[in-house]
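Below is one structure, written out as structure tokens; comments come after it.
The values are calculated or read from the model by the stated rules, or taken from the named source; none is laboratory data. Source: prediction; values computed, not measured. Here the Cβ positions follow ideal geometry from the backbone for every residue, glycine too, while neighbour counts run over all protein chains shown.
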């Protein structure tokens, strides 16, 4: 772990305390564990909420740079008519996957381009593909370690993916290589993903 942490400190910006992180996690214990890991890696401004409703509310109230969300939030909206502010039912986040999808595509989204890391409990190709297709930038499989978080954060900072808008998908490019674009990529509108690196005193 020490080697990976040193690499994270070397490659990422030294001002990690200026990056605001949101953790959306239904389990209080799991949320606390993730926050402790991020604190150990140098992040100071870490917020934990229990569901997507609270996550959207916090994102509207405060600038967030990176979101970590669990795949299974186990949150169900019974009436399916309102969200956190009672105005935009289309952004109702029922679980981690739907939370990310609506974060990417809803007109009411506080930030469609925000980097998102999805936590899943299975290593099956199907579950990984579903998490990827929901619009997550990076995926961490449980059980996780500090090394896993270090690697994913390095990817977000040093190798951000282009953001793709298509008829059936909005989110980061699902292929890491810029030379391996999927069929139809030329017809898509591609834009840079929001970066979290500091340039000239600003996070962009």
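Annotations
- Residues that are in a loop (DSSP other than H, G, I, E, B), more than 19 Å from residue 165 (Cβ to Cβ), touching a strand residue (DSSP E or B) at 6+ places or on another chain (Cβ under 7 Å) and at pLDDT 80 or above occur in segment 66-80; there is at least one.
Per-residue answers, yes or no, for (1) modelled with pLDDT of 85 or more; (2) touching a strand residue (DSSP E or B) at 6+ places or on another chain (Cβ under 6 Å); (3) within 30 Å of residue 36 (Cα to Cα); (4) surrounded by fewer than 17 Cβ atoms within 10 Å (Cβ to Cβ):
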{"residue": "110", "(1), (2), (3), (4)": "yes, no, yes, no"}
{"residue": "116", "(1), (2), (3), (4)": "yes, yes, yes, no"}
{"residue": "140", "(1), (2), (3), (4)": "yes, yes, yes, no"}
{"residue": "175", "(1), (2), (3), (4)": "no, no, no, yes"}
